[in-house]
Amino acid sequence: MIITPIQLLRIAPRCPDTIAWSRALNEAMREFAIESKLQAAHWLAQLAHE
């Protein structure tokens, strides 16, 4: 599962740098084995909430 800058902009429209953040999020998803769309959705929802 890869998050693109455009997807991130739709998820978090106030994100100041979607390119840098999507790279960082994708790296973290690989590191923590977030592989399914459901896992990614839950994780991103929690991040956006915090």
Taking into account only those residues within the range 5-18 that are surrounded by 11 or more Cβ atoms within 10 Å (Cβ to Cβ) and of a type in the set (A, V, I, L, M, F, W, C), which is farthest from Lys37 (Cα to Cα)?
-> Cys15
Search the range 19-50 for residues being of a type in the set (S, T, N, Q) and surrounded by 15 or more Cβ atoms within 10 Å (Cβ to Cβ), and hand back the single one that is farthest from Ile2 (Cα to Cα).
-> Ser22
Flagged in the range 7-24 as among the aliphatic types (A, V, I, L, M) and either closer than 12 Å to Ala48 by Cα or over 10 Å from the mean Cα position of the chain (by Cα) (or both), in numbering order, are Leu8, Leu9, Ile11, Ala12, Ile19, Ala20
Pairs with Cβ under 8 Å, 6+ apart, first in the range 31-49 and of a type in the set (D, E, K, R), second at pLDDT below 90 = Glu35/Met1; Lys37/Met1
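The values are calculated or read from the model by the stated rules, or taken from the named source; none is laboratory data. Nothing here was measured: the structure is a model prediction, and the numbers come from that model. When we count neighbours, we look across all protein chains shown, and the Cβ atoms used for this are built from the backbone with ideal geometry, even at glycine.
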